[in-house]
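Contents: one structure, followed by commentary.
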Amino acid sequence: MSSFESRWKTSANIAFVKYWGKKGHQLPANPSLSLTLKECTTTTKATFTEAASLSVSLTLSGKEEKNFADKITTYLETLTGEFPALSRLAVKIETSNSFPHGTGMASSASGLSAFALCLADYLGKTTDADFYRRASSLARLASGSACRSLYGGFTVWGKSELPGSSDEYAVPFDVHGDLAQLHDSVLVISEEEKKVSSRQGHAKMAEHLFKEARYTQAHRHFSLMLKALKSGDIETMGEILENEALSLHAMMMTSPEGYMLMRPNTLAAIELVRDFRQTTKLPLYFTLDAGPNVHLIYPESTRNKIETFIAHELAPLAVRTIHDQRGEGPERC
Ligand code: PMV
C-alpha cells in the first residue's frame, strides 16, 4: 500500500474588505482583501494511503473529530470528478490550532488552507507559482476565505482592477511601506461557539433585500481600500475598515431570520477605540470577523502607546487578548 505524507503550517487572515455572499460554484459575489496573520496558526499533517474507497479520519489536538472528518469527506467527494484518484484514498489528518476554534477567528481559513496545501502536494507539484495558485483554488472550494491564507501580507480574492486577480484563487500584492507592518491585536470577547455558521450566513445573502446595495458598496470599498493601502493613506484605510466590519454585521442582523454575533463588550470596545482615536489622533482602528471578537489594527510606528492603551482599557473587556501581526505565509514543516 503506498502512502504519501505532507505537513504544513498556515495562519488565519483578517479581511479588510469582506467576502459575504457567493455566486456560482463557491465564487465570491464581490472581491475581498485581507491581511495574513502570524500567530493564529494551524499545523496539519495529512497522510494519504491508497484504499478501496474514500475515508477520512481527523484529530484536532489529538482528539477525534468526526464532524470535521465528515466535512472533509464531503469536500473530497466534490473533487473526485476532477481527481478520480481521490475516491480510492484513506486520508488521515492530524491538526492543531494555536487559537480557539469556532469563535469567529477564521480557524476555517488556516485549517483549510493547511489541508489544501497537503492536498496540492499529494496531487503533484507544478511550478512554484502554480502550486500555490492550485492550493488557493483547492482551499477556496473548501472555505472561501481560506484561499487568501496561501500568501503572506496582503492578498486579494476576486476579479477586480488588481492585475492578475481572479474569482478562482487569491493573489498577493504589495502595499506602501508605512502599512507593511500592521499589527492586529485580537480582543477575544467570547470563546463560545457561534450559533450561525458562515455557510448559513452566506446563504442568507441570496435572499437579502439589501444584497445589491451591499455588493455595490463592497466593490466601491475594495477600490478605495486598494488605493489607500498602496498610497499609505491610513485614514482612508481605517475608515473603510470600520465601515466594512459594521456593514458585515448589519447584513447579519437584517438578513432573513436575522442574528447578532456582537456582544455588549464588542460595542464597548468599539466606542473606546473611537474615543481614543479622537482624543489622541493615533491611528488605531477596529474590524470584526464573523464573531464578537474585536480586531485592533495599528501600525508598527505607534505600537507602544497603543499597546499600553489596549492593556489598560480594552483587555479588561475580553477573556483574553492575542497580539498578532502581519505574517509571511505558509511554511512547510
Ligand atoms: O470563508 P467563509 O466561508 O468561512 O466566510 C467567511 C467570511 C468572513 O470571514 C466573514 C469575511 C471574510 O472575507 O473573511
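The values are calculated or read from the model by the stated rules, or taken from the named source; none is laboratory data. Note that the structure is predicted; figures quoted are calculated from it, not measured. Glycine gets a Cβ as well: all are built from the backbone with ideal geometry, and neighbour counts include every protein chain shown. Ligands, DNA and RNA are excluded from the accessible area calculation, which covers all protein heavy atoms including side chains. Shrake-Rupley method; radii C 1.70, N 1.55, O 1.52, S 1.80 Å.
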At a threshold of 8 angstrom on Cα-Cα distance, excluding pairs fewer than six apart, so keeping six or more, what relative contact order does the range 142-299 reach in percent? 26
Which residues does a label at residue 161 reach in the range 178-222, if reach means a backbone N under 18 Å from a point 7 Å past the Cα toward the Cβ? 215-222
Kirkwood Rh and Cα Rg combined as Rg/Rh, the range 187-246: 1.08
Relative contact order for the range 31-106, counting Cα pairs under 8 Å that sit 6 or more residues apart, in percent: 46
HN-Hα J in Hz across the range 171-177 - Karplus 6.51, -1.76, 1.60, θ = phi - 60°, x for Gly and Pro: 10, x, 8, 8, 10, 4, x
Which far-off residues, 5 or more places away or on another chain, put their amide H under 5 Å from the one on residue 38, with H placed in the peptide plane? 325, 327
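Nearest 20 debye, what's the magnitude of the dipole of the chain about its Cα centre given +1 on Lys and Arg Cβ and -1 on Asp and Glu Cβ?
On the way: 36 positive and 38 negative charges, 70 e Å.
Rounded to the nearest 20 debye, it is 340 debye.
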Listed residues 67, 229, 268: farthest to the positive end of the dipole of the chain (Cβ charges): 67
Cross-link partners of residue 45 among lysines (Cα-Cα below 25 Å; sequence separation of 8 or more within a chain): 9, 63, 66, 71, 92, 125
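What shape does the range 181-222 have by the C-alpha gyration tensor, where a ≥ b ≥ c are the square roots of the eigenvalues, rounded means a/c under 1.5, and otherwise prolate means a/b greater than b/c and oblate the rest? Before the final figure, lay out each step's value.
On the way: a/c = 3.66, a/b = 1.27, b/c = 2.88.
Taking the square roots of the gyration eigenvalues as a ≥ b ≥ c, the range 181-222 is oblate.
Could you work out the per residue convex hull volume over the alpha carbons of the range 238-305, in cubic angstrom? Before the final figure, lay out the partial values.
On the way: hull volume 5.6 nm³, N = 68.
So the per-residue Cα hull volume is 83 Å³.
What's the whole-number percent of alpha carbon pairs in the range 8-83 lying beyond 13 angstrom?
Details: 2235 of 2850 pairs.
The answer is 78 percent, as a whole percent.
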Calc'd 3J(HN,Hα), the range 77-83, phi into Karplus 6.51 cos²θ - 1.76 cosθ + 1.60 (θ = phi - 60°), Hz, glycine/Pro = x, comes to 4, 5, 9, 5, x, 7, 10
How about the range 228-332: which trypsin sites (Lys or Arg not before Pro) there lie in a loop by DSSP and see at most 14 other Cβ atoms within 10 Å? 281
Give me the 1.4 Å probe accessible area per residue for the range 220-333, excluding ligands and nucleic acids, in Å². 47
Based only on Cα atoms, what mean projected area does the convex hull of the range 96-194 have, in nm²? 7.8
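What Kirkwood radius, in Å to one decimal, follows from the Cα pairs of the range 140-207? Before the final figure, lay out the partial values.
Values: mean 1/r = 0.0680 Å⁻¹.
Evaluated over the range 140-207, this radius sits at 14.7 Å.
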Kindly write out, for the range 148-156 in residue order, the coupling ³J(HN,Hα) from the Karplus curve 6.51 cos²θ - 1.76 cosθ + 1.60 (θ = phi - 60°), rounded to whole Hz, with x marking Gly and Pro. 7, 8, 7, 9, x, x, 8, 9, 10
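In terms of the ratio Rg/(2.2 N^0.38 Å) built on C-alpha atoms, what value belongs to the range 215-260?
1.33
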Provide, for q = 0.15 Å⁻¹, the log10 of I(q)/I(0) from a solvent-free Debye sum over equal Cα point scatterers in the range 1-128. -0.78
If amide hydrogens are placed 1.01 Å from N in the peptide plane, which non-local residues have theirs closer than 5 Å to the one on residue 89? 51, 53, 54, 55
In the range 175-311, if the dipole is taken from +1 on Lys/Arg beta carbons and -1 on Asp/Glu beta carbons about the Cα centre, which of 203, 290, 246 is farthest to the positive end? 203
What would the Debye formula give as log10 I(q)/I(0) at q = 0.10, 0.14 Å⁻¹ for the alpha-carbon point model of the range 112-252, no solvent? -0.42, -0.83
Exactly which GluC sites (Glu not before Pro) in the range 273-333 are in a DSSP loop and have at most 14 other Cβ atoms within 10 Å? 328
Per residue, how much accessible area does the range 1-133 have with a 1.4 Å probe, in Å²? 42
Using a 1.4 angstrom probe on heavy atoms only, work out the carbon and sulfur share of the accessible area of the chain in %. 51
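Using a/c under 1.5 as the rounded threshold, could you call the range 203-281 rounded, prolate or oblate? The axes a ≥ b ≥ c are square roots of the C-alpha gyration tensor eigenvalues, and prolate needs a/b larger than b/c, oblate otherwise.
Working: a/c = 3.81, a/b = 1.25, b/c = 3.05.
In terms of gyration-tensor shape, oblate.
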Once the piece of chain linking residue 178 and residue 332 is laid out straight, how much longer is it, given 0.36 nm per residue of separation minus the C-alpha distance between them? 52.5 nm
In nanometres, what is the gap between the two model label sites at residue 281 and residue 259, each 7 Å from Cα along Cα-to-Cβ? 4.4
Convex hull volume per residue for the range 107-161, taking Cα atoms only, in Å³: 80
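Can you give the Rg to Rh ratio for the chain, taking only C-alpha atoms and Rh from Kirkwood?
Values: Rg = 19.5 Å, Rh = 20.2 Å.
When Rh is taken as the Kirkwood radius, the ratio is 0.97.
How about the range 218-278: which GluC sites (Glu not before Pro) there are in a DSSP loop, with at most 10 other Cβ atoms within 10 Å of their Cβ?
Values: sites: 235, 239, 242, 244, 257, 271; in loops: 257.
Those that pass, being in a loop and sparsely packed, are 257.
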Just want to confirm a number: the relative contact order over the chain, from Cα pairs under 8 angstrom separated by 6+ residues, in percent. 24
List the residues, sorted by chain then number, that are 5 or more residues from residue 181 or on another chain and whose placed amide H is less than 5 Å from its amide H. 300
At 7 Å along Cα-to-Cβ for each site, give me the label-to-label distance between residue 305 and residue 230 in nm. 3.0
